[in-house]
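Any read-out appearing in this document is the output of simple, stated calculations on the displayed coordinates, not a laboratory observation. Everything quoted here is computed from the prediction, not taken from an experiment. Here Cβ is always computed from backbone atoms with ideal geometry, including for glycine, and neighbour counts include all displayed protein chains.
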Amino acid sequence: MFNPFARIVRARVLVAGIAALLVSPQIASSQTAPFEIYGILPLTGTYAFNGSAERTSLQIIEDTTNKGGGIGGRPIKFVILDDASNPFTTVQLTNDLIAKKVPAIIGSSSSAACAAQLPIVENNGPLTYCLSPSIRPKAGSYVFSACVFVNDLSAAMLRNFRLRGWKRIAVITSTDATGALFDQYYDKTVALPENKSIVTVAREHFGVTDVSVAAQLEKIRAANPQVIVTWTAGPPFGTLLRGIRDAGLDLPVASSNADMTYAQMTQYAQFLPKMLFFPNQAGVSAPVGTGAWRAAQVSYFNAFKAIGTRPDSASSQSWDPAMLILDGFRHAGLGATAAQLHDYIENLHGWTGIYGVYDFRDGSQRGLGGQSAALFQWDAGKNDFALASGPGGSTL
């Protein structure tokens, strides 16, 4: 017997089924769409060698995280914006991300770029993890700084030089933010009681676009130093090295951790000094330590080995910050606000990364102290960076 009601029910079921087929892919798509985390890096311009290496680290973390199931059942995606090594562009991109209401930003990398970001985000966010060691965010701010503070890097370097008997030091720095900040921290470090035997015999400066530093190096030669300390990054570092070679200054040279890259060592191989040092975090060139710290480093180096490359200082600078931010999202959820991420990291302690065991409760906004700093020397024969000091610049 004909039942019109049954026919209507069947039609409704059919329509519902079709609707489900039409809607469910959209639901599935929204649930599995990548969760975007934004970064600002110098992919072009003066600091491109840093930004490119930092981006590679983020890509490895993204791939590894997604192979492990992502976060909250969703894959992640680092969206990297290029500030072209220009602080004005950094500010523009940061303001764009503030308008977008993103909870966190990784980068930028240079001292100048991070200093330009600082006043924009320090009070209200987004949580911003600067990848330069040179800035000093105020305690409790929304800004964190990767790496050991440059003051601690300087202290480790001078301590090791003093222990080697090198007490007559010539300093030559660039006139940009990188060099200017180092000048301030160097003055504070050399004034410490432990460094009373150190004499700064020459103090010179040069512009980042200068093509010659011959006049400055002649003054340094006349001062008869035992070691030359320079602090700049990128092409200006190459200008200095050429100048030192051309001036015939056969002296140990130390430079910024930003210059501790294989790409630059290859590019400048023809005029590298016999003894070239870099203060940096222990473990950036090979696993050190024991326990969880060594395990984190082994995992880091193996991740790069898997893609047929080896990481250097620039590669390491974005690794722990990205891992910390991902941990923040794991704990607070993918809907976490800047305030929630900030509170998570601000109170974090006992967290182990490739740079060591972090404790953010000291108000330093970086979680690492001077004992995480060490000195490295370029070994041209092995084409690698060799550990040249113990923790804090102590002798090996």
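Directionally averaged projected area (the range 255-396, Cα convex hull): 9.8 nm².
Over all other residues within a Cβ to Cβ distance under 12 Å of residue 115, the charged ones net out to -1, with Lys and Arg as +1 and Asp and Glu as -1.
Each Lys or Arg adds one and each Asp or Glu takes one away; over the other residues whose Cβ falls under 13 Å from the Cβ of residue 280, this sums to -3. The distance linking the range 363-388 with the range 263-295 is 6 Å (Cα centroid to Cα centroid, whole angstrom). Given the alternatives (i) 24.9, 78; (ii) 24.9, 114; (iii) 21.5, 70, Rg and Dmax of the Cα atoms in Å as computed for this entry is given by (ii).
I want to verify a result. In a Gaussian network model of the chain, Cα cutoff 10 Å, which of these has the top mean-square fluctuation: 240, 163, 58? Of 240, 163, 58, the Gaussian network model singles out 163 as fluctuating most. DSSP bridge analysis restricted to the chain gives an antiparallel fraction near 30%, rounded to the nearest 5. For the chain, the tally of Lys pairs with Cα-Cα distances below 18 Å comes to 10, considering only residues 8 or more apart or on different chains. Close amide H partners of residue 201, meaning residues 5 or more places away or on another chain with modelled amide H under 5 Å apart, are 169, 170.
For the range 228-288, the list of trypsin sites (Lys or Arg not before Pro) that fall in a loop by DSSP and count at most 12 other C-beta atoms within 10 angstrom reads 274.
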